[in-house]
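Single-structure report; data block below.
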Amino acid sequence: FIGTWNVAQNIVYDSLDDFIPPSKYDIYAIGLQECRIKDRNKWQTELERHINLNYRGKVTKNTYDLIKHHALREINLFLFVRKNLTHAVTNIEAQHVACGVGNVVGNKGGVAVSINLYDT
């Protein structure tokens, strides 16, 4: 699953069901924009909780690991991988490009994460 969301500096919402289908995919790459730095941990906790829901809406044992989080100020990328695949993830790399004032300020830009899965 790959999704991106401008959270408009809001704290975590009651339900992420309309955005993220829980426990359905092996890998989740979730981008958040305008996510206040002070709210980043709240969002991470809620994303982890949500993707670990089962089909009945109950939280299961953590079946996903956060293998990388990368941020450029209020731009965030979280990469979760199903626990039974984490052994196969290698070459985890992350980069960011600031495109704000003078191409230095991080209010505009992008973040990226790359991995190899089973040497692919």
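Does D65 satisfy the criteria of being part of a helix (DSSP H, G or I), at pLDDT 90 or above and open to solvent by less than 50 Å² (accessible area, probe 1.4 Å)? It would help to see each step written out before you state the result.
Working: part of a helix (DSSP H, G or I): no; at pLDDT 90 or above: yes; open to solvent by less than 50 Å² (accessible area, probe 1.4 Å): yes.
When the stated conditions are applied, D65 does not pass them.
Mind checking whether some residue in the range 1-11 is open to solvent by 80 Å² or more (accessible area, probe 1.4 Å) and among the aliphatic types (A, V, I, L, M)?
Yes, the range 1-11 has at least one match.
All but one of (1) surrounded by fewer than 17 Cβ atoms within 10 Å (Cβ to Cβ); (2) out of contact with any Ser or Thr (no Cβ under 7 Å at 6 or more places or on another chain) hold for N54; which doesn't?
Among (1) surrounded by fewer than 17 Cβ atoms within 10 Å (Cβ to Cβ); (2) out of contact with any Ser or Thr (no Cβ under 7 Å at 6 or more places or on another chain), N54 violates only (2).
If the Cβ limit is 8 Å and pairs must be 6+ apart or interchain, which residue in the range 20-38 that is within 16 Å of V59 (Cα to Cα) pairs with which residue that is open to solvent by 70 Å² or more (accessible area, probe 1.4 Å)?
S23/Y55
Would you check if there is a residue in the range 77-84 being open to solvent by less than 50 Å² (accessible area, probe 1.4 Å), modelled with pLDDT of 90 or more and either over 25 Å from Y118 (Cα atoms) or among the β-branched types (V, I, T) (or both)?
Yes.
The values are calculated or read from the model by the stated rules, or taken from the named source; none is laboratory data. All values reported here derive from a predicted model rather than from experimental measurement. Using ideal geometry, Cβ is built from the backbone for each residue, glycine included, and neighbour counts are taken over all protein chains shown. Note: areas computed on protein heavy atoms with side chains; ligands, DNA, RNA excluded. Shrake-Rupley method; radii C 1.70, N 1.55, O 1.52, S 1.80 Å.
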